[in-house]
Amino acid sequence: MDSKYSTDTIAAARSLQVFTYIYTSMATFWTYDYACTIHEEGIFLFCSPWRRVKLLYILTRYVPFLLFAVHLYLNFLPDETSDTCQFVNNICSCLSLVSFVCSECNFFIICIASAYF
């Protein structure tokens with residue numbers, strides 16, 4: 001029996017399908033979290049003074065959601081090659097890592113500030 005697709009193509013498609021499921025579930029939980037905390041977040045963003053920590057907070061809070069939305073949009077495009085999909089996946093993974101580092105910096109700043117004040 002000859003298969004129309006190679007084993008590597010099937011493995012790549014399965015991997016992209018799993019990534020899409022993971023990103024969809026993460027975007028769903030993040031959207032739920034935004035919906036639950038929108039009132040408190042609005043008070044924080046509009047009533048507190050603008051400082052570096054607030055900018056870092058905004059970046060760590062909203063950039064990952066935008067990355068997930070873009071990544072999901074690109075995953076559902078029908079006429080993309082596997083190389084293009086893998087390239088987009090690598091870019092989103094790197095940007096997610098940057099977002100993670102920013103969030104850890106934000107946490108570290110808050111812990112240091114609370115220790116001194």
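Just a few scattered comments:
- Accessible area per residue, Å², the chain with all protein chains present, probe 1.4 Å: 78
- Theoretical gain in end-to-end length, Ser48 to Thr24 [0.36 nm per residue, Cα-Cα removed]: 5.4 nm
- Volume per residue of the convex hull around the Cα atoms, evaluated for the chain, comes out as 130 Å³.
- Look at the dipole of the chain built from charges on Cβ: of Thr81, Ile43, Ser96, the Cα furthest out on the positive end belongs to Ile43.
- Each of Thr84, Thr60, Thr7 has its accessible area taken with a 1.4 Å probe; listed largest first, they run Thr7, Thr84, Thr60.
- Of Phe19, Phe107, the order by accessible heavy-atom surface (1.4 Å probe, DNA, RNA and ligands excluded), from most exposed downward, is Phe107, Phe19.
- Sequentially through segment 20-36, phi angles give Karplus couplings (6.51, -1.76, 1.60; θ = phi - 60°) of 5, 4, 5, 5, 5, 5, 5, 5, 5, 5, 5, 4, 4, 5, 4, 5, 6 Hz, Gly and Pro residues having no value and appearing as x.
- Its relative contact order, with pairs defined as Cα atoms under 8 Å and 6+ residues apart, puts the chain at 34 percent.
- The accessible area of Arg14, taken with all protein chains in place and a 1.4 Å probe, comes to roughly 150 Å².
- Dividing the summed -39500 (n - 2.57) terms of all DSSP H runs of n ≥ 4 by the residue count of the chain sets its mean residue ellipticity at 222 nm at -31000 deg cm²/dmol.
- Within the accessible area of segment 18-108 (1.4 Å probe), percent carbon and sulfur: 75
The values are calculated or read from the model by the stated rules, or taken from the named source; none is laboratory data. None of the values given here were measured: they were computed from a predicted structure. All Cβ positions, even for glycine, are placed from backbone atoms using ideal geometry, and neighbour counts span all protein chains on display. Remember, those area values only see protein heavy atoms, side chains included, never the ligands or the DNA or RNA. Shrake-Rupley method; radii C 1.70, N 1.55, O 1.52, S 1.80 Å.
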